[in-house]
Every structure is written in C-alpha cells, then in structure tokens.
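Down below is the structure, laid out as structure tokens.
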Amino acid sequence: MESIWKRTIEEENELIPDKRKSLTGDVHTEAAVIGAGLAGILTAWFLQSQGVKTVVVEAETAGSGQTQNTTAKITSQHGVIYHKLLETLGREKAAAYACASQAAVGEYERIIREQAIACFFEKKPAYLYTREKGEMEEKLLKEAQAAKSLGLPASFTKKPKDPKDLPFSIAGGVRFEEQAQFHPLRFLHALAKKLVIYEHTRVLEAEEHCLITKQGRIFADHIVFAGHYPFLLRPGYYFLRMHQERSYCLALKNGIIPSAMYLGTDEDGLSLRGFQDMIILGGGKHRTGENKNGGRYGMLRRKAEEFWPDSREYAHWSAQDCMTLDGVPYIGRFCGDIPNWYVATGFGKWGMTNSMVAARLISDRILGREREEGEVFSPQRFTPSASAASFITDGVHAARDLGRRVFQKPEISLEELPAGQGGIVEVDGQKAGAYRDEDGELYVVSIKCPHLGCQLEWNPDEKSWDCPCHGSRFDFRGRLLDGPAENGVDTTEELC
Ligand code: FES
C-alpha cells in the first residue's frame, strides 16, 4: 500500500535521493528542525536561505510521513470554516487566517518558479460541494459570503464550471479561484537535497538547547518541533488538545479527469482531483481507532465502479491528520517557558497550505520578525467559544477508551479467529490483540498503547492496531506506524 506520490517517484528512478546519513556524534548549529516532512523542510529552507545554519533530524526518511499521503491540494479553502471563524474568533483573526492561507498558495508558486522545480504545480479552482438540498446548501451559501467578506476569491455556485468534472449532480457549492495542486514529493526532494538532513535518527529527549538521539546530540540556539505530532507529553500538553483522524484514497486510471479540485461537505462527501491521467478519489474519514468494521477502501472502490466503470486502480493509501480543538493549527512558540522552542502541528486536512504558513511564521520569528497573523495560530491562544465542544468530546473519548481496556471483554477466542482477520482475544487470562494472516500465521501483541495506556482497536482496512485516544498506530507485528507513541507495542514473547 503506497501512495500515488511514492509510487510515481519510485518509477522515476533518478528522483530517488541518495541515502542520507544518520547523525554520528555531536553537532552544533543555529537551528535544529525535528521532522523532514514538508513543514520541517520548508522551515529549514527559509532559515538556510536567510543565512541561519540549520539541520533537520528525521526518525525515518525525508517525506516518508504524512507528506507522501496527502492529496496535495494547496488551498485557502479548508472545509466549511470561515463562517465559524468569523463567529468564534472575530473578523480580524478570521481575516488573518484567510490571508495567511491564500498567501501560502502564492509562496509555493514563487519558490517553484524561482527554483525551477518540476513538480506538476498547476493553478486550479477548488470547490466545496454538497449533494443535499436544504441545510447544507444554505450553509455553503453563508460560507461563500463569509470567505468573500474576508477577501478570499470565493463565490457560491449551483454547479461546476465544467459539467463533465463530476459524475454526479450537486445541490450547491463554493468555488475558490487561484488555488493550486502539485506533486508533493517532487517538491520536497528538490528542496531537501540542498539541506543538511540526518535520517534514521529519532529524537528521544529534548533539553532547552539540545536534542538527544541514540547516535549523538544536536546543540542548537533554536529548536523547531515539526514532526506531525509533538512526541513530548509536557511542556505543551498537545495530547490534551488534539485528536487524529484517518481518511482513504484511490488513484484511478481510465476515468474522466476533473479540471478542478473538489471536496464534499456531506457526511459521505468525497474528495476529487486529477493528476496527469489519473483521478485521486478520497473519503471514508473517521477518528483514528474507530474503524472496527472497516470497509473504507471497499466503499471507495464501489464509488469508482459506479462513477467510472472502466477505471483501473493504480494505488490506494490512507492519511492521518491532527485535529485541533478550534480547527486552527498550533504554530508558534512551543510553550510559554522555553522561548527558543517552536511547534508546527494540528494542520487538520490542510497539511500543504499549513506547512507553508508554519514555515513562514516560524522562520520569521527566529529571524526576529513577528508577523501579525501569528496571533491567530499561537499555541498559547485561548479560544473557549471555538474549542469547548471539541474539548468535551476529546475528553469523553479518552476516558471511555482508557476504561475499555479494563472493562471490555475479549471479542473472540484465539482459536476462532479466521485467516485474514484481527481482534481482541484472551491469552493466559490477559487481553491481547491477535491477527491471523492468510497463511494461518498468528501475530499476538499487547493492546495497551505505550503512550498513555488506552486500549488499541483493530483497523481491518490497514491491518493495524490504532489508538482511539490520541491516534498512535502499530502494525500487526506491533511496530510503531504513527505517534505520539515513540515505541512499538509488546509482542508475544514479551507478553508471556
Ligand atoms: Fe495516547 Fe494511545 S496515543 S494513549
């Protein structure tokens, strides 16, 4: 299972970068960035361009995290958000958010042009659409008015400009002009090859001016946490302020390629965009750790069959996104007490745009230039009216999921577990997670999340164990896939 971006870049052999070195011994630098995804690479790029000696440290390889799993839309259109931001944060802050997001599109265009990066960057309109007449249609009308009032190039429409774009009719939509799409790994690797990056080097601990890894230490004046989800419990307490969501994608050949980007706002809304001769079809989102019945890829495949009967699947993959309490990312100072630490996280489903916003804000701040729009993204902001509902929901989830480990009974006996399926079983009087592969081989792991102890749930679409509390994920062998956990879960031998 690999994304369209990973697969296409692997097929273009010359674009695969040479293996980068891990850290060996101690280094001293002005800025250290944790995470070689797009936010980290762009931040390092801006800093280095301004003469700040910068290194990037990455637990795996550059671009191997969420950057390779995105749909790679660069937009100021972030779902139905502007009407809510106006109501909860006020006009000034909502306008700052809108302006920073739209500026990110232009900034990508500038870098790509100046650096002559061949990454299939294309300006396209982006649509939010609903297929349901009534309430959602009304909501989108208000969203168009709100976005327009904040200076964005938005308008309400009853149908796409090109009627061939969608294989279904819509009740209404918001069209944003001047948006863009690209190939994220081609862009990332073009910048990454000009930076110092230590790969396969996981940061284990952070001190005020030092990052500690197994291979050595990095001493830095400034430290940027740009690794998707901050691995530290404290300071910052980001695990209390975010949850994670998953969504699924197919890349399809032999369909009608849309001339714009689309995102459905209904419960079962789909995302569409084109890439060369393929359609990227996305959907099936759910909170991480809540996909016990699976079927997300199945749903997308049925849609593909219905809409483009001659289509052929080229790739399928999934993405994981950090969702903040008020829907605005956390970008800025990591915490009040350590002034030289910065954070970029909680990008929601808008990782490309928010990576650019974060890189511009954080690099400017390190260079001593405060941007006005920084306040709306500040991790230290207090936004009770925008955050209260999510804070309560996330708290209820955490309490329920912690309790489940103690009170919930195993679902099936180990003997009954069919081939190709996973579930919670009892082993020697203890609950455990088991997966039996198609050949009958059994894999048994602990279902206690090593982050804070919640009970993991089986995700049949990914054959992974996912944590509903904060979204850590592990493969069926127990190996870590996604944080905030830093280690895999115990396996059979360790359980016995
Ligand atoms: Fe926090 Fe599992 S991710 S308890």
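Please give the number of the condition Gln408 fails out of (1) modelled with pLDDT under 95; (2) buried (at least 17 other Cβ atoms within 10 Å of the Cβ); (3) within 16 Å of the ligand (Cβ to nearest atom).
Among (1) modelled with pLDDT under 95; (2) buried (at least 17 other Cβ atoms within 10 Å of the Cβ); (3) within 16 Å of the ligand (Cβ to nearest atom), Gln408 violates only (2).
Would you please name the residue that is farthest from the ligand (Cβ to nearest atom), looking only at residues in the stretch 463-481 that are surrounded by fewer than 21 Cβ atoms within 10 Å (Cβ to Cβ) and in a strand (DSSP E or B)?
Among those that are surrounded by fewer than 21 Cβ atoms within 10 Å (Cβ to Cβ) and in a strand (DSSP E or B), it is Asp475.
Those residues that are surrounded by fewer than 18 Cβ atoms within 10 Å (Cβ to Cβ), of a type outside the set (Phe, Trp, Tyr) and under 15 Å from Ile34 (Cα atoms), I need them from the stretch 218-264; list them, please.
Within the stretch 218-264, just Asp221 meets the criteria.
Just for the stretch 349-386: of the residues that are of a type in the set (Ser, Thr, Tyr) and in contact with a strand residue (DSSP E or B) (Cβ under 9 Å, 6 or more places away or on another chain), which one is farthest from Thr67 (Cα to Cα)?
Once the filter is applied, the top-ranked residue is Ser378.
Just the residues that are surrounded by fewer than 19 Cβ atoms within 10 Å (Cβ to Cβ), aliphatic (A, V, I, L, M) and within 13 Å of Thr265 (Cβ to Cβ), please, taken from the stretch 108-157.
Hit for the stretch 108-157 is Leu141, nothing else.
Condition first: more than 23 Å from Glu305 (Cα to Cα) and assigned to a loop (DSSP other than H, G, I, E, B). Now tell me which residues in the stretch 160-173 satisfy that.
Across the stretch 160-173, the qualifying residue is only Lys161.
Residues Phe219, Phe231, Phe225: which one is under 25 Å from Gly63 (Cα atoms), of a type outside the set (Lys, Arg) and in contact with a Cys (Cβ under 8 Å, 6 or more places away or on another chain)?
Within the list Phe219, Phe231, Phe225, the selection yields Phe219.
State all residues of the stretch 248-274 that are closer than 20 Å to Arg131 by Cα and hydroxyl-bearing (Ser, Thr, Tyr); if no residue qualifies, say none.
Once the filter is applied, which keeps residues that are closer than 20 Å to Arg131 by Cα and hydroxyl-bearing (Ser, Thr, Tyr), the stretch 248-274 yields Ser259, Tyr262, Thr265, Ser271.
The values are calculated or read from the model by the stated rules, or taken from the named source; none is laboratory data. Bear in mind the structure is a predicted one, so any value in this text is a computation, not a measurement. Cβ atoms come from the backbone with ideal geometry, glycine included; neighbour counts cover every protein chain shown.
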